[in-house]
Each structure stands twice: as C-alpha cells, then as structure tokens.
Amino acid sequence: MDGISNDLLVTLLNLSDIEIESFSIDTKGSLIIKVNSTKDGAICHRCGCDINKPHGLGQEVTLRHLPIFGREVYLILKPRRYKCSNCNGRVTTTQQLSWYTRKSKSTINYDEHILLSLINSTIKDISIKENFGYDAIKSILDRQIHYEFEWASISSLSIIGIDEISIKKGHKDYVTIVSAYIDGNLRLIGVLKNRKKDTVKKFFLKIPKGLRNTVEVVCSDLYKGFINPAKEVFGKEVQVVADRFHVAKLYRSGLDNLRKKEMRRLKSELLKKDYDKLKNVMWLLRKEFTSLSISQHNTLNLLFTYSPDLRVSYDLSNDLSKIFNSPISKVSAKRKIKGWMTRVKNRKLKCFNTFLKTLNTYMEEIINYFDGRNSSGFVEGLNNKIKVLKRRCYGLTNKRHLFQRIKLDLEGYSLLSFNIN
C-alpha cells in the first residue's frame, strides 16, 4: 500500500477525531493502523462533568474495522485519560470516542456491517467469512439488537396478531409469537416463553396503557389461551377476530375425515380396477367444482356415485367458503352461517360435529372477520419465515436470541439502510 497518504487513509476509515500514527501490513495480509485521538477532554464517569486535565494514556485497544481494498483492518488505539478536579483530583476517566463502545472488539461501523451480513444468514457462516470470532459476533448482536420490543418507538398498534410456533420439531415446546402491522410494516413485538393464558395476559398488560388504548383488532386462531387474555385485557371495544384460514381448516378437516372413512370402505368393497379410478380425489375435494377439468369432474362424480354423503359434505364445505368470500356484513354473515348450520343438522351429517361446536363457542370471533376482513395471514407469513430461520440456524431454543434474529431478518435492512449505498 505504498503511496497512500495518511490523509487518504483517514478518509477511507471514515472515523472522526483521529489521526494516523503509522500503518503496516502483517504476515496475514491484514492492515494494522495505529491511531491517536485528536479529541480533547472527556466526561467524568463519576460526577458527569466535563474534564480536560490530561493524565496519560489508557490501556491499548485493538478494534476490527471495515475492510479496505479487500484487506482486514485492525485499529490500535491508546485512548487518552483525564483527571477530574471536581472529585478531589483522585478520579480518572478514559476518553471514549464516538465510533466504538467500551469493551467491544470492533468499531460501530463494523458492527453494522456484521449485522447486515447476518440477515438471512448464520453467526457461524459469517464468523467463517469474516474471520471473526463466533462469540464476538454474538456480542455485536447483543449490543446492537434489543431482545425486547421498545414500546417508546411507536405511537399506535391498531392490529395485533398472535400465534404459536414449535421450537423443537416433534416436541410440544411452543413459544408464542406476537406481531403487528405498524406504519405499513410488519413488526415483531413479542416472543413469549410458552402459550399459557397467564403468560399471554402478562404480556398484553406489559404494553403501555396509552398503546393498549390504540389497539382495534386482535387476530388469533381459535385457541382460548389467546382469545380469553385478549378479551380480558383489551375489553369489549377491541374486536378479537378468529382467523378465517384456521376456521376453513377446521370445516375442511371434517370433509377430509369423511373422505378417509369412505375411501377405506370403498377400498374393501370395490374391485381394484374400479378403486384405482378414484386416484387423487383428496386434492380434487379441496377445490371448487367449477375450477376442475372435465376429467376431474368425471372422477368426482364417480366418487359421489359411490358416496352420496361425501357429495353433500363437499357441497356444504364449498357453500361455507362462498359465505366467507362474499362481500357481506357481519349481520348477514351470521344469518347465513346459522342457516348453514341448520342445513348440516337436517342432513344429519356427523363429519361437521366438531366444527359445529366451534361455531357455537366462537361465533362472535368468527363473524368479526366480516367487519374489516382482518385475518392472521401476516402472522402465518411470519411463522413461515421463522421456520426457515430455525432451519438455517439449526434450531433456536433461546427466546431472546430468537427475538433478535427475527427482528434482524424483518427490520435489518431498514434499521441499517443508511449503510447501504
């Protein structure tokens, strides 16, 4: 790097209050730059007063900085020390420059570079690529990304979504994910250690009262451990909306259970060549009849010939989907859904029994959907993102670390956008 002046190097470093004493390249090809502070004075760590009586130099610190010309850069600094006259002259303070934090192993600019690299990646991967310690990167994450939501950063909540996700595959080790759309952006506001009612209620109560008063809708599945705390904390003025996709999953599972039962029966009654004509009916029953091809129509009609109850159940399932897809009011929806329930009972179909109980228990939460067409779609999208994050990181069992990584993946580019050119 012969021919580079100290002034040019200072410009490339883009750090304030420094001058370069010397620079060299070590045996590994890294750029080692010794810098001195040009800033006068410090703030006494005891009394908080400005102090400017020099008292030598502090312990030497080595800080990783952004690469220059593809080379790793390390800054070596001996910070100035000052004595405080207001504290009987016995208290000394080491000067702190604005571009690094105490006890860190890197500059703030390098911290932000690491955080940008971590988005959609892993600590281990970035540690290898940057030739920087795993624990040092973890420390950067802890310093720069809070593990709890900062309520003071927002003025309103409006719509909250809540759902659970399993931390360990195959285990019932759930955490609760609470999110919200704030100023048009999806934000993570909580990762709770379990899905118990008391835990959820405690979190809702933790939201500052002023923000709680701005909540208009809480979107949830039909789990009472989410619905009941929302009602108790936010009151009757806030709508609790049962997610329509969870509702659809319930009544379609009734149809699917009947399909399984009927297919077992048909397999034992029909010749193999006749039974083989009913292949793929599981997927066909999940679609509306009008969206199917002629050959698919023929397959379903053949199935319905063998099982009239399956035809009725299929039609009823599609009829309920049409109600949810219709641009109707809450009052009209309730009337139509009750009419649908009567039709099911008159047909004496047992496959919808569980769903009928759900309708009787959560009718208000289900029809609240028709007021503003709010759903937990954004929550489900976030859950899918979290599942990818877990696979990428080979599991994330610490809820604080999980919060940090979700927040970084969701908001990292906007939080650190001033560094993206």
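When segment 149-164 is filtered for residues that are touching a strand residue (DSSP E or B) at 6+ places or on another chain (Cβ under 8 Å) and either under 18 Å from L192 (Cβ atoms) or not aliphatic (A, V, I, L, M) (or both), the ones remaining, listed by number, are F149, S156, L157, S158, I160, G161, I162, D163, E164.
Of all the residues in segment 292-318, those that are within 20 Å of Y251 (Cα to Cα), free of Cβ contacts under 8 Å to residues at least 60 places away in the same chain and polar (S, T, N, Q) number 3. Given the structure, is T107 buried (at least 18 other Cβ atoms within 10 Å of the Cβ) and in contact with a strand residue (DSSP E or B) (Cβ under 7 Å, 6 or more places away or on another chain)? Yes, satisfied. Select from segment 69-118 the residues that are hydrophobic (A, V, I, L, M, F, W, C) and under 31 Å from the mean Cα position of the chain (by Cα) and list them in ascending order. Once the filter is applied, which keeps residues that are hydrophobic (A, V, I, L, M, F, W, C) and under 31 Å from the mean Cα position of the chain (by Cα), segment 69-118 yields W99, I108, I114, L115, L116, L118. Checked against the criterion of being at pLDDT 95 or above, touching a His at 6+ places or on another chain (Cβ under 9 Å) and basic (K, R), the candidates R80, R64 yield just one match: R80. Looking at segment 1-86, the strands (runs of 3 or more DSSP E) lying wholly inside it that each contain 2 or more residues that are within 21 Å of I140 (Cβ to Cβ) and among the charged types (D, E, K, R) sit at 71-77. Of all the residues in segment 23-37, those that are surrounded by 11 or more Cβ atoms within 10 Å (Cβ to Cβ), without any contact (Cβ under 8 Å) to a residue 60 or more places away in the chain and more than 15 Å from H65 (Cβ to Cβ) number 1.
Where helices (runs of 4 or more DSSP H) sit wholly within segment 168-255, those with at least 2 residues that are in contact with a Lys or Arg (Cβ under 6 Å, 6 or more places away or on another chain) and either touching a residue at least 12 places away in the same chain (Cβ under 8 Å) or exposed (fewer than 14 other Cβ atoms within 10 Å of the Cβ) (or both) occupy 224-234.
Is there a residue in segment 104-119 that is modelled with pLDDT of 95 or more, outside the structural domain of Q404 (by TED's automatic domain parsing) and assigned to a strand (DSSP E or B)? Yes, segment 104-119 has at least one match.
One line per residue, one yes/no per condition, for (1) among the basic types (K, R); (2) surrounded by 14 or more Cβ atoms within 10 Å (Cβ to Cβ); (3) out of contact with any strand residue (DSSP E or B) (no Cβ under 7 Å at 6 or more places or on another chain); (4) free of Cβ contacts under 8 Å to residues at least 12 places away in the same chain:
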{"position": "L320", "(1), (2), (3), (4)": "no, yes, yes, no"}
{"position": "N325", "(1), (2), (3), (4)": "no, no, yes, yes"}
{"position": "K334", "(1), (2), (3), (4)": "yes, yes, yes, no"}
{"position": "K345", "(1), (2), (3), (4)": "yes, no, yes, yes"}
{"position": "K348", "(1), (2), (3), (4)": "yes, no, yes, yes"}
{"position": "Y362", "(1), (2), (3), (4)": "no, yes, no, no"}
{"position": "K390", "(1), (2), (3), (4)": "yes, yes, yes, no"}
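In this entry, T38 is excluded by the filter for residues that are farther than 17 Å from E130 by Cα, hydroxyl-bearing (S, T, Y) and over 44 Å from the mean Cα position of the chain (by Cα).
Regarding S139, is this residue more than 17 Å from the chain's Cα centre (by Cα) and in a loop (DSSP other than H, G, I, E, B)? Working first, answer last.
On the way: more than 17 Å from the chain's Cα centre (by Cα): yes; in a loop (DSSP other than H, G, I, E, B): no.
It is false that S139 is more than 17 Å from the chain's Cα centre (by Cα) and in a loop (DSSP other than H, G, I, E, B).
Looking at this structure, is R343 farther than 26 Å from V218 by Cα and not assigned by TED's automatic domain parsing to the domain that holds R259? So R343 does not fit the description; no.
The values are calculated or read from the model by the stated rules, or taken from the named source; none is laboratory data. What you are looking at is a predicted structure, and each value in this text was computed from that prediction instead of being measured. Backbone-built Cβ (ideal geometry, glycine too); neighbour counts: all protein chains shown.
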